[in-house]
Amino acid sequence: MLFRIDAKPNRLTALTLSWFLFVSGIALYFYTSHNRHLENPEDKVIPSLQQLTTGMTDAFLKPDTEEAAPEGLENASLGRKFLTSMLWTDTLASAKRFVWSMLLLIPAVVLGLHMGMFPIFGQFFLRFILFFDKIIALSVLPILFIAFGIDELAKIMLIVIGVTPTIILDTFNLTKGVPQEQIVKGFTLGAQDFVVTYSIVLKQIMPRVLNSIRLNLKAVMLFLFAGEMIASQDGLAFRIALLRRHMGMNVIIPYVLWVALLLFLVDLTMRVANKKLHPWFREA
Amino acid sequence: MKDIIRLENIGVTYSNKKVLEHLDLTIREGEFVAVCGQTGCGKSTMLRLILGAEKPTTGRVLIDGRELPRPDRHRGYVPQKYSLFPDKTVLDNITFGPETEEFGLIGRLKPGFRRRRKEFQAQAYEYLKHMGLQASDAHKYPDELSGGMQQRVAIAQALIMKPQILLMDEAFSALDPGTRSEMQKLVRTLWKETGTTFLFVTHNIPEAIFLGSRVVILGKDSPESSSKVQVDMELPEEAHSREEVERLTRVIGNATAGAKLELTYAE
């Protein structure tokens, strides 16, 4: 049954199977944590539920420092406490960089589109981008910090160098994949080059471009985290790196799960938006 | 009738392989030319040359006396596959041409666009009706339509531009026999109604005979040689009955196999 290609698990089996590893993972974690705490009640490597709760309360409801706490916070609502919390401040700092990086992917899509549509444009850029794509972004991190300093620009440039070549080349390939008949058809319907490029080709490849960006979200976050861990005063990765020095696993673990949740939500939003914006698109 | 398409001494070579050589053909305005031939004989290449989507290695293609460098709104095109824009509804596919021609890429922001769009949509509904489609199909996407319906929309999309020439490349090859037969009748009716010059490429001899007011057959004398015009004949109206199509298919089949062409209608 397990290796039958035509197996059709019923709803309950499918649900059980899909949650099994989550539940097992959580159970294994608390089993190990419990055993370690029996040997050493102060163990910080695998925090207990109580330690995690304390860590989460500190991260989700308390500001980074006592000085950062506004007046009367003790009696404020949970919502207000969350909005002044360390986690929220770090999330906003990372989100700002993330949004900038995503915005910088728009020119990458436009460049890939033009490279695919206009042969002279393509000839000019393709070889260079292919080479650029092979550069390991993290290897140029020191150069970026020297060239741009340790401010925001260096971190955003790291993401740009890490992700944009992939998006440019993906868009280029998707553009090239549009059947020639569609382009010819466009001309026979009175369209000029830019109309064919934007009204026919871009519209057809857009859902796949969005999928490509979605699949690269993790890479964006990877470079964002690298930048923040090495040179930053705020942000989710900065906090994780800082807490590592103090063995603050009870905060690091909720932070890691929070980042995963945020990324999952961004991915889900993009998937839903893609479906709404392109109702004609059927994913392979 | 004036000459609308002239192919003069056309040669096409792909990576040292000659597909067409010394090809001369003149098509007069209002003719329905059905070009037939086996796979690889260069009939689609010939269509793409006329369309302006390809350039000949030698010779020249004149459309209404001029060499045109690329496809334009005067030459409508219905290919076998990818004939519609998948991201646009049936209505948007049909109105795409007139809207684009009048408003371009950013002209849609101009005042008056909405009013004109409504006029184009009204025209599109007329074409849909004429093609035997329902108004309720207007908001469907191409992949929600059958192959025959897609080709009907593709023809409407091309005809709304009122092209001088309509070029159809194996447009019905992927359709089932029943739908194919319906489409053939529809296309012949449209040709008579519009007076547009039609050029229809097919590998199916009966289809070419049924459709064309003139049938051109491309073929090779040997597998190594390039294609040339083997048969070029005009067909009168009475040649399009079922019996005559069958008889002419046999005659043309023999002629392309090397026998003498005995065609009573041409005399």
Roughly how many debye, to the nearest 20, is the charge dipole of the protein assembly as shown about its Cα centre, given +1 on each Lys and Arg Cβ, -1 on each Asp and Glu Cβ, and no other charges?
300
How large a share of the accessible area of chain A, in percent, is made up of carbon and sulfur atoms when the probe is 1.4 Å and the other protein chains stay in place?
69
Restricting to the protein assembly as shown, what percent of DSSP beta bridges are antiparallel, rounded to 5?
50
Here the residues of segment A:152-184 whose accessible area is at least 50 Å² smaller with all protein chains than in the chain alone (probe 1.4 Å) are A:Glu181, A:Gln182, A:Val184
How about B:Lys140: which lysines have a C-alpha closer than 22 Å to its C-alpha, ignoring those fewer than 8 places off in the same chain?
A:Lys185, A:Lys203, A:Lys275, A:Lys276, B:Lys81, B:Lys88, B:Lys118, B:Lys129
When the solvent-accessible surface of protein heavy atoms is calculated with a 1.4 angstrom probe, in what order do B:His74, B:His22, B:His240 fall, highest first?
B:His22, B:His74, B:His240
With a 1.4 Å probe and every protein chain left in place, tell me how much accessible area A:Trp258 has, in Å² to the nearest 10.
40
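Grab the DSSP H runs of chain B that are 4 residues or longer, score each as -39,500 (n - 2.57), total them, divide by all residues and round the 222 nm result to the nearest 500 deg cm²/dmol.
-11000 deg cm²/dmol
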Once exposed loop GluC sites (Glu not before Pro) are cut out (DSSP; at most 16 other Cβ, 10 Å), longest piece of chain A:
A:72-282
Going Cα to Cα from B:Lys110, which aspartates and glutamates come in below 16 Å? Please leave out same-chain ones fewer than 8 positions away.
B:Glu99, B:Glu101, B:Glu102, B:Glu119
Theoretical ellipticity at 222 nm over chain A - DSSP helices of four or more residues, -39500 (n - 2.57) apiece, nearest 500:
-23500 deg cm²/dmol
In what sequence, largest accessible area first, do A:Trp100, A:Trp280 appear using a 1.4 Å probe?
A:Trp100, A:Trp280
Cα-based reach from A:Lys44 at 29 Å (exclusive), listing lysines while leaving out same-chain residues under 8 positions away
A:Lys62, A:Lys81, A:Lys218
Name the residue, out of B:Ala154, B:Ala239, B:Ala53, whose mean-square fluctuation peaks in a Gaussian network model built on chain B with Cα pairs under 10 Å.
B:Ala53
Tell me which residues come under 5 Å, amide H to amide H, from B:Gln230 once H is placed; ignore anything under 5 positions away on its chain.
B:Ile217, B:Leu218, B:Gly219
At a cut-off of 40 Å², which residues of segment B:89-138 become less accessible once all protein chains are present than in their chain alone, using a 1.4 Å probe?
B:Phe96, B:Thr100, B:Leu105
How large is the accessible surface per residue of the protein assembly as shown, computed with a 1.4 Å probe and reported in Å² as a whole number?
53
Taking the Cα centre of each part, how many Å lie between segment A:250-284 and segment B:69-107?
35
Using each residue's phi in segment B:215-222, evaluate 6.51 cos²θ - 1.76 cosθ + 1.60 at θ = phi - 60° and report the 3J(HN,Hα) Karplus result to the nearest Hz, with x for Gly and Pro.
10, 10, 10, 9, x, 10, 6, 8
Summed buried accessible surface, chains B and A, 1.4 Å probe, nearest 100 Å²:
2300
Taking the Cα centre of chain A as origin, work out the dipole magnitude from +1 charges on Lys and Arg Cβ and -1 charges on Asp and Glu Cβ, in debye rounded to 20.
1160
For a quick check: with amide H placed at 1.01 Å from N, whose amide H comes under 5 Å from B:Thr13's, ignoring anything fewer than 5 positions away on the same chain?
B:Val19, B:Thr57
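The values are calculated or read from the model by the stated rules, or taken from the named source; none is laboratory data. Small disclaimer: the values here were computed from a predicted structure and weren't measured. Because the Cβ atoms are built from the backbone with ideal geometry, glycine has one as well, and the counts that use them run over all protein chains shown. Side chains are part of the model used for accessible areas, which takes the heavy atoms of the whole protein and leaves out ligands, DNA and RNA. Shrake-Rupley method; radii C 1.70, N 1.55, O 1.52, S 1.80 Å.
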